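Here's the structure, in C-alpha cells; my notes come after.
The values are calculated or read from the model by the stated rules, or taken from the named source; none is laboratory data. Fair warning: this is a prediction, and the values are worked out from it, not measured in the lab. With ideal geometry, Cβ positions are generated from the backbone for all residues, glycine too; neighbour counts draw on all protein chains shown.
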Amino acid sequence: MNLLVTGGAGFIGSNFIHHVIDRPEIERLVNLDCLTYAGHLANLETVSEHPKYVFAKVDLRDKPGVMRVFEEQRIRHVIHFAAESHVDRSITGPDDFIQTNIVGTFNLLEACRHFWLTTDAPATDAPTHRRTTPDLPSPISHLRFHHVSTDEVYGSLGPTGYFSELTPYAPNSPYSASKASSDFLVRAYHHTYGLPAVITNCSNNYGPYQFPEKLIPVVIQSVLDRRSIPVYGDGMNVRDWLYVLDHAEALWQVLTRGRPGETYNIGGNNEWANLRIVERICDLVDEFRPELGGNSRRLITFVKDRPGHDRRYAIDASKLQRELGWQPAHTFDTGIRETVRWYLEHQDWVHTVLDDVRAV
C-alpha cells in the first residue's frame with residue numbers, strides 16, 4: 001500500500017498517521033499538506049524519521065503539484081482529510097472553504113482518475129481500459145479513495161433521532177455546504193467513472209493535537225489562563241463526541257475493508273451539550289491543577305449565538321458496527337480525561353503552534 005494522506009499535519013490526519021504507520025500493509029505513507037495555520041509538523045515529530053514516511057508540501061489547489069505527487073510516489077490508496085474546517089471562519093471568510101474543500105477535492109479526484117482509470121496511466125498495475133459505466137466491477141480491487149467528511153452535512157436534528165447514511169443533506173454553514181459539495185463530487189466520480197471510493201461522515205472529534213481554536217482545547221487553555229470561557233447561546237447545543245483515536249481505527253477499517261461506493265457514519269455514541277462539556281473540563285482542570293484555585297466554572301460567560309448554529313447532531317453508526325465490527329473504545333468520560341491530561345502535559349506544543357500562527 002502506497003498511501004497518500006492529505007492534511008496529515010492536521011488534527012485528525014496526524015493522529016491517523018500515528019495510529020497506522022507501523023501497519024505491515026503500508027509500504028509508504030505520503031503526507032501531503034500545505035501547512036496552513038492548523039497544520040503543524042510538530043504534530044508528527046515522532047514519525048518524521050520513520051522509514052515509511054514521506055512529506056510533500058503541496059497545496060491541493062495546485063493541480064500539477066498533486067499530479068506530480070501521484071506520479072512520483074505511485075499512489076494506490078488515498079485518505080483525504082485536508083480541509084478548512086472551522087465553522088466560525090467559514091462564516092467570516094468562506095472563500096478558502098470553497099477553494100480548498102471543493103476545488104481541492106476535485107483536483108485530487110482528477111489525479112486518481114488520471115492515474116488509476118485512464119488508458120494513459122503510467123503505473124504497470126493500472127487498468128488498460130477506461131471505466132465508463134458504474135455497474136462494472138472495480139477495475140483494481142486494491143485501489144481506494146477514502147473521503148473523510150462530517151456529520152454537519154446533514155443539518156440539524158431535533159431533540160430525538162439520529163443521522164443515518166440515508167439522511168438527506170441539509171448543510172447550514174459555508175463550511176458544511178463545502179463538505180457536502182465535496183461528498184457529492186466523490187459520489188459522482190464513483191458512479192460516473194467507477195472510482196473505488198468510500199465516504200465517512202463523522203461526529204465531533206476531540207483528543208491530542210487539536211488546534212486550540214476548537215471548543216475543548218479553547219476551554220482548557222482559558223481555564224489555565226484564568227480567562228473567560230465564551231459559550232454560545234444557552235449552551236444547550238448538543239454534539240456527539242468521538243475520541244480521535246477511535247475515529248482513526250474506524251477509518252482504517254473503512255479504508256481497507258469498506259465496500260466501494262458506500263458511505264459509513266462514525267460516531268462515539270456520546271451526546272453532550274456544549275455547556276456540560278465546558279463544566280466537565282473546568283472540573284477536570286480543577287482536579288488536575290488544584291494550585292489554580294478551583295471554582296473554574298465561574299469563568300463561563302454566555303455570548304450571542306452564532307448564525308446558523310445547528311441545535312443537535314447525533315450519529316447512528318450501526319452500519320459500520322454491523323458490517324465492519326468497529327466499536328469505540330472510549331466513553332466520553334475516559335476520553336475527555338485523557339484529553340485534558342494531554343493538553344496539561346503538552347503546553348509546550350500548545351505554545352509552539354500558537355506562536356507559529358502569530359508569526360505568520
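Residue-level check: of (1) in contact with a strand residue (DSSP E or B) (Cβ under 9 Å, 6 or more places away or on another chain); (2) surrounded by fewer than 19 Cβ atoms within 10 Å (Cβ to Cβ); (3) at pLDDT 95 or above, residue 192 misses just (1).
Tallying residues that are surrounded by 20 or more Cβ atoms within 10 Å (Cβ to Cβ) and either more than 18 Å from the chain's Cα centre (by Cα) or of a type in the set (D, E, K, R) (or both) within the range 195-223 yields 6. If you go through the range 304-360 and keep only what is more than 20 Å from residue 218 (Cα to Cα) and assigned to a helix (DSSP H, G or I), you end up with 318, 319, 320, 321, 322, 323, 324. Among the residues of the range 265-284, those identified as under 20 Å from the mean Cα position of the chain (by Cα) and either part of a loop (DSSP other than H, G, I, E, B) or of a type in the set (A, V, I, L, M) (or both) are 266, 267, 268, 269, 270. Close Cβ contacts (under 7 Å, 6 or more residues apart or on different chains) running from residues in the range 75-89 that are part of a helix (DSSP H, G or I) to residues that are surrounded by 24 or more Cβ atoms within 10 Å (Cβ to Cβ) comprise 87/175.
For the range 165-202, a residue qualifies if it is in contact with a His (Cβ under 9 Å, 6 or more places away or on another chain) and of a type in the set (Gly, Ala, Ser), and the qualifying residues are 173, 182, 197.
Take the residues in the range 306-360 that are among the β-branched types (Val, Ile, Thr) and crowded, with 16+ Cβ neighbours inside 10 Å; name whichever of them is nearest to the chain's Cα centre (by Cα). Looking at residues that are among the β-branched types (Val, Ile, Thr) and crowded, with 16+ Cβ neighbours inside 10 Å, I get 315. Only residues that are in contact with a helix residue (DSSP H, G or I) (Cβ under 8 Å, 6 or more places away or on another chain) and in a helix (DSSP H, G or I) were counted in the range 44-67, giving 6. Of all the numbered requirements in (1) under 16 Å from residue 81 (Cα atoms); (2) among the polar types (S, T, N, Q); (3) surrounded by fewer than 20 Cβ atoms within 10 Å (Cβ to Cβ), residue 265 misses one, and that requirement is (3).
Checking each residue in the range 154-187 for being among the small types (Gly, Ala, Ser) and out of contact with any helix residue (DSSP H, G or I) (no Cβ under 9 Å at 6 or more places or on another chain) picks out 156, 158, 161. Here residue 231 meets the list (1) surrounded by 23 or more Cβ atoms within 10 Å (Cβ to Cβ); (2) assigned to a strand (DSSP E or B) almost entirely, failing just condition (1). If I ask for residues that are of a type in the set (Lys, Arg) and modelled with pLDDT of 95 or more, which ones from the range 92-139 would you list? The one that is of a type in the set (Lys, Arg) and modelled with pLDDT of 95 or more: 113.
Yes/no per residue for (1) among the small types (Gly, Ala, Ser); (2) in contact (Cβ under 8 Å) with a residue 12 or more places away in the chain; (3) farther than 23 Å from residue 238 by Cβ:
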position: 288; (1), (2), (3): no, yes, yes
position: 308; (1), (2), (3): yes, yes, no
position: 313; (1), (2), (3): no, yes, no
position: 322; (1), (2), (3): no, no, yes
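You will find that of 188, 180, 170, the residue that is free of Cβ contacts under 8 Å to residues at least 12 places away in the same chain and small (Gly, Ala, Ser) is 188 and no other. Only a single criterion out of (1) at pLDDT below 95; (2) at positive phi is not satisfied by residue 261, namely (1).
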